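Novice: The structure that follows is given in the form of structure tokens.
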Amino acid sequence: MLFISGLAGIGMIWAEELQTIAVSMLAFAAALILATKELILCVSGFVVRHASNSYSLGDHIEVGTIRGRVVDIGLLSTTVMEIGPQHNAHQMTGRALTFPNSLLLSNAVIRENYMGDYVMHIINIPMGYHIPPTRAQRLLLEAAEQHCQQHVEAAREHMERMAERYLVDTPSVEPRIGMQAVDEKRYQLILRIAIPAKERQRIEQAIIHQFMEQCYPDSPAK
């Protein structure tokens, strides 16, 4: 009884001081969490990437406005070699971009080479109505078939393997063209082709050059 009474007495005497200490510890813990919030988010992003296997070294990814080839993955950040400068370009710019892994918690990760060695590539070409749409579609399809024909069979076999592996439906590997009306002056041709991932830039430029030469054969050379 004396021992319990002594403890109760000490508690009553030091109650205000103990309360002050508890409040101070709580404030310190809150300040510590706020100060390390970004670090916690970066580590959480790393865990999410590892758990979901959203990308690995060598993958071509796009996170927010950042697009490039992954060259380093750390606990707090990821480094990519930039691809661009525009979204539709596929050349290395020579710049390395490092972004915090916290971006993975608030942005979708686009993995451009998810299908492996062969990818479905999209080319958008705006055109004026002075070029008849049917003629433009025919010329673009001819250019696409000429430059993609050698890859069609290999791409078809690759897509069939991907379909069996991931149990998903894969699109046709034959060149396909869609058309959208942009406004009263322009329409847009949308070409989809199956080509090797590493040759996207070369094949795209070859198709566009041939298409433009056939559409505008009388254009003066610069």
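The values are calculated or read from the model by the stated rules, or taken from the named source; none is laboratory data. Note that the structure is predicted; figures quoted are calculated from it, not measured. With ideal geometry, Cβ positions are generated from the backbone for all residues, glycine too; neighbour counts draw on all protein chains shown. Side chains included, ligands, DNA and RNA excluded: accessible areas come from the protein's heavy atoms. Shrake-Rupley method; radii C 1.70, N 1.55, O 1.52, S 1.80 Å.
Novice: Under 9 Å between Cβ atoms, which residue pairs at least 6 apart in sequence (or on different chains) link something in the range 109-134 that is of a type in the set (Phe, Trp, Tyr) with a partner that is in a strand (DSSP E or B) and modelled with pLDDT of 85 or more?
Specialist: Tyr118/Ala194; Tyr118/Ile195; Tyr118/Pro196; Tyr129/Arg186; Tyr129/Tyr187
Novice: Something else about it: Scan the range 103-121 and give yes if some residue there is modelled with pLDDT of 85 or more, surrounded by 13 or more Cβ atoms within 10 Å (Cβ to Cβ), under 23 Å from Pro196 (Cβ atoms) and out of contact with any helix residue (DSSP H, G or I) (no Cβ under 9 Å at 6 or more places or on another chain), otherwise no.
Specialist: Yes: the range 103-121 contains one or more residues that are modelled with pLDDT of 85 or more, surrounded by 13 or more Cβ atoms within 10 Å (Cβ to Cβ), under 23 Å from Pro196 (Cβ atoms) and out of contact with any helix residue (DSSP H, G or I) (no Cβ under 9 Å at 6 or more places or on another chain).
Novice: Name the residues in the range 23-57 that are more than 18 Å from the chain's Cα centre (by Cα), open to solvent by less than 60 Å² (accessible area, probe 1.4 Å) and hydroxyl-bearing (Ser, Thr, Tyr), would you?
Specialist: Thr36, Ser44 - these are the residues of the range 23-57 that are more than 18 Å from the chain's Cα centre (by Cα), open to solvent by less than 60 Å² (accessible area, probe 1.4 Å) and hydroxyl-bearing (Ser, Thr, Tyr).
Novice: In the range 168-222, which residue that is assigned to a helix (DSSP H, G or I), modelled with pLDDT of 90 or more and of a type in the set (D, E, K, R) is farthest from Ile125 (Cα to Cα)?
Specialist: The extreme case among them is Arg202.
Novice: With respect to the numbered conditions (1) surrounded by fewer than 16 Cβ atoms within 10 Å (Cβ to Cβ); (2) touching a helix residue (DSSP H, G or I) at 6+ places or on another chain (Cβ under 7 Å); (3) more than 30 Å from Ser52 (Cβ to Cβ), which one is the sole condition not fulfilled by Leu139?
Specialist: (1)
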